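Some notes on the structure that comes next.
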Amino acid sequence: MEQRREISHSELFRGFNRIALSGFGGVMSWARRTMVEERGWLSSEEFTSLFGLCQFMPGPNIINMSVCVGARFQGASGAVVSLVGLMGAPVIIIIALGALYGRFGELPAIQAMLRGIAAVAAGLILAMGLRMATDLLKRPLLLVFSALILVGVVFLRWPLVAVMFGLAPASMWVAARRYCKAP
Amino acid sequence: MNVVTEIILQFGMLSLVAFGGAGAVLPELHRLAVETHHWMNDATFAQLVAISQATPGPNAIIVTLIGWHVAGLTGALAATTAMCGPSSLLIFFFMRFWEKIRATRWRLIIQTGISPLAIGLVLASGCIVTRGADDGWGAYCLTAATVLIVLKSRLNPLWLIGSGALLGLAGVI
């Protein structure tokens with residue numbers, strides 16, 4: 001691994017704080033821009049490898065990323081500082097919005113605006129899912145599992161943990177047989 | 001059981017199966033909050049998701065808002081900690097092994113096998129929020145238009161959120 005710059009706790013905090021406040025609806029592209037292009041914390045290859053790790057493990061990717069980057073430069077305390085830097089401001093903002101919603105949420109004008117925003121939010125999530133699904137077109141057999149979990153969760157209301165443990169082994173088996181041939 | 005304890009246990013468990021991020025656990029959050037515990041109705045859930053999408057930062061922030069709605073400040077902090085804590089601890093201890101397993105076949109198999117499930121879950125989230133949010137043709141059209149615009153352009157989502165608010169105010173939705 002190439003030589004590493006010293007990144008202090010306060011730099012980590014400010015970096016992740018900035019990443020959090022820059023991005024609406026997904027902050028990973030900002031994370032790359034901030035850490036690789038602007039601040040030179042990571043090389044492009046290091047970022048890609050860490051991103052692979054964060055996708056591999058459970059938990060929101062960007063939160064995983066903050067833990068890994070913080071730990072890499074400053075150990076456990078760096079991980080905590082980065083995570084707090086990432087989550088602190090958004091948590092305060094959303095609690096303020098939640099308080100306003102509790103107080104004024106029933107007003108007709110606020111309800112009208114929120115109905116519009118909710119319809120857009122639904123579209124944003126659907127679009128994210130569709131974009132992810134296009135990556136899967138190379139492995140069409142696996143789309144069966146996407147469809148199964150979609151129907152199971154939306155219409156049959158299966159609990160997530162049961163679905164994951166039920167379908168993941170089958171899906172991995174298909175992946176192993178069809179798409180990940182032994183070398 | 002105390003509602004905060006309930007939040008910590010349930011969200012903490014979710015943290016460890018959140019493959020694909022917050023989008024993938026929305027259906028389960030909905031099942032817990034609306035169907036199992038009746039903390040809120042479908043429309044309120046969709047509105048909380050809407051508020052979280054209009055907030056800068058990770059999408060996982062939705063759990064903070066659910067916690068706040070259910071149990072105030074304690075609930076908000078408990079929900080956030082429960083959602084971030086277990087997965088963060090796990091990756092903290094696991095990251096040192098990553099370079100060793102990165103190129104292995106079983107790593108590829110696990111990841112290839114889990115990705116269609118994550119995709120199905122994100123699409124399910126979209127359907128559940130649509131069901132809660134949209135109650136007329138105007139709303140369905142706005143959702144559909146959002147999908148098309150996001151897929152066809154690189155417009156900042158903030159513009160879409162702002163337009164949604166204006167269209168709502170104008171009484172179109």
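Once whole DSSP H runs in chain A are found, which of them have Cα atoms spread over 27 Å or more along the helix axis and a mean Kyte-Doolittle score of at least -0.5? Walk me through the numbers on the way to the answer.
Working: long enough: A:61-104 (44 Å, 1.42); A:108-135 (41 Å, 1.20).
Length and hydropathy pass: A:61-104, A:108-135.
Can you run the Rg to Rh ratio on segment A:7-59? Use alpha carbon positions and the Kirkwood inverse-distance Rh. The partial results should precede the final answer.
Working: Rg = 11.2 Å, Rh = 11.6 Å.
Result for segment A:7-59 is an Rg/Rh of 0.96.
To two decimal places, what compactness ratio does the protein assembly as shown give when its Cα radius of gyration is scaled by 2.2 N^0.38 Å?
Numbers: Rg = 19.7 Å, N = 356, 2.2 N^0.38 = 20.5 Å.
Here the Cα radius of gyration is 0.96 times the empirical estimate.
Please determine, in degrees from 0 to 90 and to the nearest 10, the orientation of helix B:137-152 with respect to the longest principal axis defined by the Cα atoms of chain B, where the helix direction is its Cα long axis.
50 degrees
Taking only DSSP H segments of four or more residues, each worth -39500 (n - 2.57), what value at 222 nm results for chain A once the sum is divided by all its residues, to the nearest 500 deg cm²/dmol? It would help to have the intermediate numbers written out before the result.
Working: 7 runs with 134 residues, N = 183.
For chain A, the value works out to -25000 deg cm²/dmol.
Put +1 on the Cβ of each Lys and Arg and -1 on the Cβ of each Asp and Glu in segment A:1-104; which of A:88, A:62, A:36 then has its Cα farthest toward the positive end of the dipole?
Selected residue: A:88.
Filter the GluC sites (Glu not before Pro) in segment A:28-120 to those in DSSP coil with at most 12 other Cβ atoms within 10 Å of their Cβ, and list the result. Walk me through the numbers before you get to the answer.
Working: sites: A:37, A:38, A:45, A:46, A:106; in loops: A:106.
Passing sites in segment A:28-120 are A:106.
Karplus couplings for segment B:40-50 from phi (6.51 cos²θ - 1.76 cosθ + 1.60, θ = phi - 60°), rounded to Hz, Gly and Pro as x?
For segment B:40-50, the Karplus curve yields 6, 9, 3, 5, 5, 4, 4, 5, 5, 4, 4 Hz.
Please state the shape class of segment B:117-173: rounded when a/c is under 1.5, otherwise prolate if a/b exceeds b/c and oblate if not, all from the C-alpha gyration tensor. Walk me through the numbers on the way to the answer.
Values: a/c = 2.32, a/b = 1.28, b/c = 1.81.
Oblate, because a/c is 1.5 or more while a/b does not exceed b/c.
Please give every one of the lysines within straight-line cross-link reach of residue A:181, meaning a C-alpha to C-alpha distance under 20 Å, and leave out same-chain neighbours fewer than 8 residues apart.
Partners within reach: A:138, B:100.
Helix B:157-169 versus the longest principal axis of chain B: what is the Cα-based angle in degrees, 0 to 90, to the nearest 10?
Its long axis makes an angle of about 40 degrees.
Using R₀ = 22 Å, calculate the FRET efficiency as 1/(1 + (r/R₀)^6) where r is the Cβ-Cβ separation of residue A:131 and residue B:102; round to 0.05. Before the final figure, lay out each step's value.
On the way: r = 25 Å, r/R0 = 1.12.
Efficiency, from the Cβ-Cβ distance: 0.35.
Looking at segment B:72-173, which trypsin sites (Lys or Arg not before Pro) are DSSP coil and have at most 12 other C-beta atoms within 10 Å of their C-beta? Please list the in-between numbers first.
Values: sites: B:96, B:100, B:102, B:105, B:107, B:131, B:152, B:154; in loops: B:102, B:154.
Here the sparse-neighbourhood loop sites are B:154.
Roll a 1.4 Å probe over the protein heavy atoms and report the accessible area of residue A:30 in Å², nearest 10.
Near enough 70 Å² of accessible area.
With a point put 7 Å past each Cα toward its Cβ, work out how far residue A:48 is from residue A:99 in nm, to one decimal.
So the label points at residue A:48 and residue A:99 sit 4.6 nm apart.
Please express the Cα-Cα pair-distance distribution P(r) of chain B as a list of whole percents, one per 10 Å bin, running from 0 to the bin with the greatest distance.
9, 32, 32, 21, 5, 1
Specify the angular offset, from 0 to 90 degrees and rounded to the nearest 10, of the alpha carbon long axis of helix B:105-133 from the longest principal axis of the alpha carbons in chain B.
Taking Cα atoms only, the helix is inclined about 20 degrees.
The values are calculated or read from the model by the stated rules, or taken from the named source; none is laboratory data. Everything numeric here is computed off the predicted structure, so don't read it as measured data. When we count neighbours, we look across all protein chains shown, and the Cβ atoms used for this are built from the backbone with ideal geometry, even at glycine. Surface areas here come from the heavy atoms of the whole protein model, side chains and all, with no ligands, DNA or RNA. Shrake-Rupley method; radii C 1.70, N 1.55, O 1.52, S 1.80 Å.
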